[in-house]
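In what follows, a single structure is set out as structure tokens and then discussed.
What follows draws every value from the coordinates through simple rules; no lab data is involved. Bear in mind that the values here come from a model prediction, so they are computed numbers and not experimental data. Ideal geometry is used to build each Cβ from the backbone, glycine not excepted, and the neighbour counts take in all protein chains shown.
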Amino acid sequence: MKKVLSSFVVFIFAFFVFSAATVSAKVITEEKGIVNIARTEVVDDDLFIGAQTVQIDGTVNGDVFIGAQIVIITGVINGNLHVGTNTLDLGGKIKGNVYAGAQNVLVKGASIGGSLLAGAATANIDNSSVIGGSVLVGAGSLSVDSRIGRSVYAGTGSLMIGSDTVIGKDLYYAADRDQTQTNISSDAKIGGNVYKSEYDAPQRPDAQAIKNQLPGILGGIRFGATLLSFAGALVVGYLYLKLSGRHLTETSAIVSGSFWKSMGIGFLVSIAFIPALIVLLITIIGIPLAGISLLMFFLYCTLAKFVVGLPLGDWISRKFNWNTTTYGTVVLGLLAIYVMRMIPGVNFISGLMVFWVGLGALTLKLFSKTS
């Protein structure tokens with residue numbers, strides 16, 4: 001069974017370089033080090049990197065997948081770029097699309113042939129960058145001052161469209177209710193139309209009254225559902241600890257020692273899983289493996305919060321000098337995770353980080369020598 005599951009994880013990564021004839025890729029891992037593709041270096045394969053800091057100054061003739069704390073791109077990537085990182089500094093030339101999950105995204109002096117899809121706290125696309133496709137960004141703050149071939153889709157708290165901006169088609173945005181946080185320069189050139197969300201449209205008195213009550217009703221339902229989910233998590237966490245306590249503690253140790261690497265691996269696995277599953281399902285011999293893989297993925301999705309909860313609870317208990325049992329530490333970490341889920345503005349990003357980090361650590365544990 002272990003060999004089957006290991007083969008599936010390998011297949012997830014191999015999917016992105018799958019062809020009728022061959023499967024090839026270059027994999028580089030430096031847990032606490034720096035990976036640098038020098039300016040004179042050429043990689044003629046798809047490239048997978050897990051490290052603390054990654055800098056690509058050379059040329060990659062394929063897709064690039066990176067999980068790291070800091071990523072700097074100044075070279076040429078003749079394929080797509082997939083990044084899970086804290087800080088992305090993107091320059092150089094990307095022939096395909098860019099998919100980024102990061103705290104900060106800075107696109108400066110970059111040429112992107114395809115589209116940019118990013119989820120970040122802050123995203124900045126400067127006036128020396130050119131994007132041939134569309135821009136789709138969900139961020140706390142978004143600044144655009146560049147040439148974009150197609151449309152811009154932005155969901156953000158603060159939006160700035162600069163005077164040097166050229167958008168080939170439409171601008172769609174949903175910004176903060178405070179319109180002072182939205183600044184679209186009159187000098188910006190937008191080839192199509194500008195569409196904004198209609199949440200601030202006038203409402204009839206009866207509809208407005210219902211709308212005023214709705215947040216409270218939904219909040220109560222959400223709070224009740226969260227309590228039930230937390231109670232269920234306590235039971236599952238107890239069983240996990242009792243039945244496989246060593247696996248929990250060893251996987252949690254991976255989170256403590258390789259947080260950003262775990263998040264990067266989790267990001268890559270999550271975006272690769274569905275395409276890989278589809279490929280398995282359309283091959284007759286792959287159907288049984290697809291079923292096992294789906295069950296394994298759901299199991300890892302469930303266990304992710306416990307794997308992250310234990311080191312988080314341990315950090316909290318040490319911070320306040322509390323003496324707790326292992327289970328008490330898990331409960332403390334779970335409580336912190338569920339509290340963050342209820343805080344507007346950070347619930348989505350915190351939930352996504354917990355999922356990616358836990359999934360990545362579980363995947364790394366699957367390949368560890370002690371697993």
| said: What are the ³J(HN,Hα) couplings of segment 143-157, residue after residue, when phi is run through the Karplus curve with 6.51, -1.76, 1.60 and θ = phi - 60°? Round to Hz, x for glycine and proline. | reply: 10, 10, 8, 10, 9, 10, x, 10, 9, 10, 10, 10, x, 7, x
| task | Please provide three numbers in whole Å: the alpha-carbon extents of segment 24-196 along the principal axes, with the largest listed first. | result | 46, 27, 22
| Exceeding the 20 Å Cα-Cα cut-off - candidates K169/K189; K261/K305; K95/K189; K95/K261; K26/K261 | K95/K189; K95/K261
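Grab the Cα-Cα distance for I287 and K196, subtract it from 0.36 nm times how many residues apart they are, and report the gain in nm with one decimal.
On the way: separation 91, 0.36 × 91 = 32.76 nm, distance 4.43 nm.
Separation in residues times 0.36 nm, less the Cα-Cα distance, equals 28.3 nm.
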| query | Can you give me the relative contact order of segment 24-196 as a percent, contacts being Cα pairs under 8 Å and 6 or more apart? | reply | 11 percent
| query | Got the relative contact order for segment 100-163 handy, in percent, Cα pairs under 8 Å and 6 or more residues apart? | reply | 28 percent
| Which ordering of S143, S256, S186 is given by a fewest-first count of other beta-carbon atoms within 10 Å? | S186, S256, S143
| note | Residues whose built amide H sits under 5 Å from the amide H of R147, excluding neighbours closer than 5 in sequence, are S129, I131, V166
| query | Can you sort E41, E250 so the residue with the fewest Cβ neighbours within 10 Å comes first? | reply | E41, E250
| said: Skipping prolines and chain starts, which residues have an amide H placed within reach, meaning under 5 Å, of the one on I28, given they are 5 or more residues away or on another chain? | reply: F48, I49, G50
